[in-house]
């Protein structure tokens, strides 16, 4: 038995055989691999366990279970070259980890011993997990989704429950082989909040963000009949002194709107590659991995143009640009977290930021998108204890703000900035949060 590792923060248990190497990956673990997992052809057949569709103690009575399943499937089918075929099944158990499964890609919530053991020490931490079986080329042969029988789900935003549709959209992304997103407010972000955070329903993950679409298009390409789709971008950000190469991530914003279209951790040489990008102009940014004590600081890398079926290259030298003011948390209604705040176009809200050295007398707060305006006179400090610096301010959004994820920053007197990419998520009108 040897180990392989998957680049969506998962651990892979693999078996070596004379004719092939196959394995299974669990979506809640934390490890990496260069393998890109992908289904070989359409349709992708999934079996919905009777344990999910019949009445059970884990899903609120009256929930639209069938609708949540159908809409979560449609969310992915509407973007790229994938198609699901759905059936019912009396099966209940996730296939055990190993060389191969039982050949059925199951979606289950059954409280069986096999399903409980699947979660291991993550049993109380995650609402669901996906186990993927694949061959040595990364071709997926089976994927099982297990909703935790230790959590509650609903489809109407009931406080303290997980939104069933949001969880299914996220896990179907893993079933397709997609990695986690580091940008909150996206369907594939690793943190799926419960309903009630910020005193709101957590419906943002029902809709695919631009970043989610790019992840799918990078792997599966456009829908059948769409000839022109996407471009690629290679970014390398280095320092003049190679021994001081910092760790960090790179994200891309659409130049005109500020919407985030891609984000990825840079490797040890400062390299990151992006695919599935829509044609257009982008701005690239670097975020220091050491937020509490930056190595070199967050910074703008440069502008780049992407053309369909072309590969662009951006190379930049990182310069020290750290600031004592550091962003770590965002919030609403007095609550702080690392989860994006959902906003409606045309509304003004009081936004909270938490971190280090957020002194209203020494910083400017802004957004990278022209859709937002910070009311400067509203910026004030709040007392959240000695270990956390917190400010609040009024944030205005225009009526024509486009759905997507957006960034907030703080800037000190020297012009150095600390960014929170994905601090804000604006939802489409079709998302129930708008009602």
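Quick notes on this structure:
- Residues (touching a strand residue (DSSP E or B) at 6+ places or on another chain (Cβ under 8 Å) and surrounded by fewer than 21 Cβ atoms within 10 Å (Cβ to Cβ)) located in segment 182-191: 182, 190
- Failed item in (1) within 19 Å of residue 252 (Cα to Cα); (2) buried (at least 16 other Cβ atoms within 10 Å of the Cβ), with residue 345 passing the rest: (1)
- Condition check for residue 228: more than 16 Å from residue 338 (Cβ to Cβ), touching a strand residue (DSSP E or B) at 6+ places or on another chain (Cβ under 9 Å) and surrounded by fewer than 21 Cβ atoms within 10 Å (Cβ to Cβ): yes
- Meets criteria (more than 16 Å from the chain's Cα centre (by Cα) and modelled with pLDDT under 95) for residue 225: yes
- You will find that of 135, 156, 125, 144, the residue that is surrounded by fewer than 23 Cβ atoms within 10 Å (Cβ to Cβ) and within 22 Å of residue 37 (Cβ to Cβ) is 135 and no other.
- Only one entry of 319, 283 meets the criterion of being over 23 Å from residue 193 (Cβ atoms) and part of a strand (DSSP E or B), and that entry is 283.
- Selection status of residue 397, in the same structural domain as residue 337 (by TED's automatic domain parsing), closer than 18 Å to residue 424 by Cα and in contact with a strand residue (DSSP E or B) (Cβ under 8 Å, 6 or more places away or on another chain): yes
- Residues satisfying the stated conditions in segment 175-206, i.e. outside any loop (DSSP other than H, G, I, E, B) and touching a residue at least 60 places away in the same chain (Cβ under 8 Å): 175, 181, 189, 197, 198, 199, 204, 206
- Filter result for residue 358 (buried (at least 21 other Cβ atoms within 10 Å of the Cβ) and free of Cβ contacts under 8 Å to residues at least 60 places away in the same chain): yes
- Test: residue in segment 323-335 that is in contact (Cβ under 8 Å) with a residue 24 or more places away in the chain, over 22 Å from the mean Cα position of the chain (by Cα), surrounded by 21 or more Cβ atoms within 10 Å (Cβ to Cβ) and assigned to a loop (DSSP other than H, G, I, E, B): yes
- Strands (runs of 3 or more DSSP E) contained in segment 72-164 and holding at least 2 residues within 23 Å of the chain's Cα centre (by Cα), modelled with pLDDT of 95 or more and over 17 Å from residue 44 (Cβ atoms): 128-134, 140-147
- The residues listed here are 263, 224; of these, the one that is in contact (Cβ under 8 Å) with a residue 40 or more places away in the chain, part of a loop (DSSP other than H, G, I, E, B) and not assigned by TED's automatic domain parsing to the domain that holds residue 166 is 224.
The values are calculated or read from the model by the stated rules, or taken from the named source; none is laboratory data. Source: prediction; values computed, not measured. Note that we place each Cβ from the backbone using ideal geometry, even for glycine, and neighbour counts take in every protein chain shown.
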